[in-house]
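All remarks here apply to the structure that follows.
Only the coordinates and a few stated rules stand behind these numbers; no lab work does. This one's a predicted model, so the numbers in the text were calculated from it and none came from an experiment. Cβ sites come from the backbone with ideal geometry, for glycine too, and all protein chains shown count toward neighbours.
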Number of protein chains: 2
Amino acid sequence: MANQTEGKGAVTAAGHRVAPVHTDPDDVSLLAALSALADPVRLTLVRELAGSDDWTRACGSFDVPVGKAALSHHFTVLRGAGLVEQRDQGAKRINRLRTEEFEARFPGLLALVLRADDVG
Amino acid sequence: MANQTEGKGAVTAAGHRVAPVHTDPDDVSLLAALSALADPVRLTLVRELAGSDDWTRACGSFDVPVGKAALSHHFTVLRGAGLVEQRDQGAKRINRLRTEEFEARFPGLLALVLRADDVG
């Protein structure tokens, strides 16, 4: 089941799931960071993660109105922007918001996003 | 000439140019602000405006690789995000970055964008 949420190439020939690829926040451009956050679904994911302990939230646990393929894409964008770290735990992929690293790269940006009183 | 840079409906029946419509930064959503800034052309416009005195830069004076229609669209987005104020001065449309108002609405965001050491 879990593999169905992944894009092309995410499953090895042996049927094992490929570990998620991460981008170091130091290598993230300002445009990539802004683009990653300029989306209502990803804003919700980031905010829910910010309110949860590290490694406690599986990808399927978020209250967002998108299907599995779209959700997988959103997490790929968040990983690529240095915002989210993921690891596989059994059939689940669990998440951590990279609060400190992202803050070091873009001081104040995550705080602004989390502080904002509006959804959109 | 100047009218040709405007979109549909920007010229009155009498041939007068319609004054630009502005959005108060207080009415701008976080998503709109992030989306406005998550574009390389608009980032360039904002940064060039930040380095210029108010009302000294006409729309055609920016070094961006886009045509007039696209440029007009980018300025519309910037106005809609509360980032830019425009007024017509003869055949030119001149600009001002709304630094203080935008800062009051999204503290630190503009500074982050201007401070960033990379273009993208």
Inset, instruction - Could you pull out every one of the aspartates and glutamates with an alpha carbon less than 12 Å from that of A:K68, ignoring same-chain neighbours closer than 8 positions? - result: A:E6
Inset, instruction - Kindly give the distances from A:L114 to its copy-mates, label point to label point, with each label point 7 Å from Cα along Cα→Cβ, as nm values to one decimal ordered shortest first. - result: 2.6
Inset, instruction - Within the set of other residues whose C-beta is less than 15 Å from the C-beta of A:L45, count the net charge using Lys and Arg as +1 and Asp and Glu as -1. - result: +3
Legend entry - Descending semi-axes in whole angstrom, ellipsoid equivalent of the stretch A:23-115, from the Cα gyration tensor: 20, 14, 13
Inset, instruction - Give me the distance in nm between label points sitting 7 Å out from Cα along the Cα-to-Cβ direction at B:D27 and B:H73, one decimal. - result: 2.4
Legend entry - Exam field: A:A70 pseudo-label spacings to other copies (7 Å along Cα-Cβ), nanometres: 2.8
Inset, instruction - May I ask you to report, in nm to one decimal and beginning with the shortest, the distances from B:A50 to the same position in the other copies, taking label points 7 Å along Cα-to-Cβ? - result: 2.1
